[in-house]
Structure formats: C-alpha cells, structure tokens
1. Which ones in the range 210-229 are farther than 23 Å from Ala79 by Cβ and of a type in the set (Val, Ile, Thr)?
2. Those residues that are polar (S, T, N, Q) and surrounded by fewer than 16 Cβ atoms within 10 Å (Cβ to Cβ), I need them from the range 175-196; list them, please.
3. Scan the range 222-232 and give yes if some residue there is part of a loop (DSSP other than H, G, I, E, B) and closer than 23 Å to Glu149 by Cα, otherwise no.
4. Return only the number of the condition from (1) within 30 Å of His9 (Cβ to Cβ); (2) modelled with pLDDT of 95 or more that Trp90 does not satisfy.
5. For the range 21-85, list the helices (runs of 4 or more DSSP H) that sit wholly inside it and hold at least 3 residues that are free of Cβ contacts under 8 Å to residues at least 40 places away in the same chain and out of contact with any strand residue (DSSP E or B) (no Cβ under 6 Å at 6 or more places or on another chain); which are they?
6. Can you name the number of the only condition in (1) in contact (Cβ under 8 Å) with a residue 40 or more places away in the chain; (2) loosely packed, with under 14 Cβ neighbours inside 10 Å; (3) assigned by TED's automatic domain parsing to the domain that holds Leu68 that Ala156 fails?
7. Consider Gly167 carefully, then state whether it is free of Cβ contacts under 8 Å to residues at least 40 places away in the same chain, touching a His at 6+ places or on another chain (Cβ under 6 Å), assigned by TED's automatic domain parsing to the domain that holds Ala121 and within 27 Å of Ala113 (Cβ to Cβ).
Amino acid sequence: MPADVGIAHAIDAGQETFEHLDGYEAYVVGDDGVVDEARLDDIIGRTIEAGAWAVPTMALWEALRGALALETVQGYEEARYMPPDMVAQWAGRVESVRSGDVFDAGAAERQIANRMRILEALHSAGARILMGTDAPQVFSVPGFSVHREMERMIAAGMSPYEVIASGTRSVGEYFANEDAFGTIAEGQRADLILTGANPLDDLGAIRGPDGVMVAGRWYPGAEIDARLEAIAAANAE
C-alpha cells in the first residue's frame, strides 16, 4: 500500500489485505514514537467492519529495521540453504542499516514493540489474520522463516491453534474462489504435515516433521533432510 494513500483510505476503497503492518504503524504511532490507542482502536474497527485481512510479517521486520544484530541473523541455521551471494547481500543490507548515521537502536526496538502492540490489538479485537513471511527477503528463508513468524505471533498473544489456523484454514478461506485447501476434508487438496508431537501443545513440533504431503505426494522426513543437506553442501562449495 503506497504511503501517500494511507491505510484508512485503502480500507474505504476496498483493499482486501494489508501486508507488513506499515500502514497501521503510520496511522497509530505519533512523532513521539508512542502508539495512540484511540487511533489504534479506530483503525482496527474499520479493518473488522471491512472484513479485511492483516498479514503481519513480524520476523522479517526485525532484520529489515536493524533491531537484530548482524551476528544474530548471520547465525540463523537456515541461512546455509540460501546462495552465499544472496546471504552476503542480506548481511550488507543489515550492516548498512545498523551503521547508518541516523540509526538508533532504541528507536528500532520501540518500532518493533509498536508493531507487536498492533498485532496484539488486531488479534484481541478479532481481526482476520493471515500468516506470511515475505520470503525470500533479508534473512527470511522460505520454509524456515514461517517458524520465526509463528514465534512472534505467539508472543503477541495468539494461541498455537490460532497461529496454525492463520496459515492453513484462513489462507484457504481467503483463496476459496481460486483453490481448495487449508482444511482436512473431502475435496480439499491433500497438503498435510505429520508431526511427532502435538503442535497445539508446542508449535516447535512442526519443525523437523516426520513427513509432508504436498498435493497428495508424500515426502518422508528423511528425504526432506537429505535434500536440505544436498542444498547446503552445494552452497558450501
């Protein structure tokens, strides 16, 4: 959403989804860097009334805005599955942000905290939320960044069930006119993850699954691990 348009106008114009929470942040955070709770209530009310969806992409913004140290993001295990030149480009982006003349670590942390407050308020009010990571982007690795996103969603007050639904049932609902997926039911596309423990108790159970079914084709966990190791080995050459 273009900044000059503004989230209020975009909602009134019928925009269906809002990615990254940038528009919300611009609307509710004043020049003092503090969330205006009245404006937050107002824009969330408009979002719900319009039936719009929010796609937070929280984890990505921690790297983009410099809230995470370069050493932290470079230490992400999943970075080894990406081409080295891309990882180097990402590192340069983070280093450039954090070493800039206008960079303020405290301001970056407050910005992330404000975005967490916005997500918390959206969830508490019952707004419709979709899971997304905007991968591949700065240290947001496809297939792995979703786990970091789920951690931020839990931290914002969402339950494991609500987090899982935001990336399955809710996404299927949004795309219902184009495809059939998101729930386990007759006629739905067979996209399934088999875990060794109950993810409703611990979302970490989704990491390293026993297997994954994609459009009806079964991939055992051992095969997935072998493919990932082959990618990492190729990138290390």
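1. Val214
2. Hits for the range 175-196 are Asn177, Thr183, Gln188.
3. Looking for residues that are part of a loop (DSSP other than H, G, I, E, B) and closer than 23 Å to Glu149 by Cα, one finds none in the range 222-232, hence no.
4. For Trp90, the exception is condition (1).
5. 22-28, 37-50, 70-74
6. Of everything listed in (1) in contact (Cβ under 8 Å) with a residue 40 or more places away in the chain; (2) loosely packed, with under 14 Cβ neighbours inside 10 Å; (3) assigned by TED's automatic domain parsing to the domain that holds Leu68, Ala156 misses just condition (2).
7. no
A quick yes/no check of all residues on (1) outside the structural domain of Val55 (by TED's automatic domain parsing); (2) surrounded by fewer than 16 Cβ atoms within 10 Å (Cβ to Cβ); (3) hydrophobic (A, V, I, L, M, F, W, C):
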| site | (1), (2), (3) |
| --- | --- |
| Ala113 | no, yes, yes |
| Met131 | no, no, yes |
| Arg152 | no, no, no |
| Glu173 | no, yes, no |
| Tyr219 | yes, yes, no |
| Ala222 | yes, yes, yes |
| Ala226 | yes, yes, yes |
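The values are calculated or read from the model by the stated rules, or taken from the named source; none is laboratory data. Not measured: the values here are computed from a predicted model. Cβ atoms come from the backbone with ideal geometry, glycine included; neighbour counts cover every protein chain shown.
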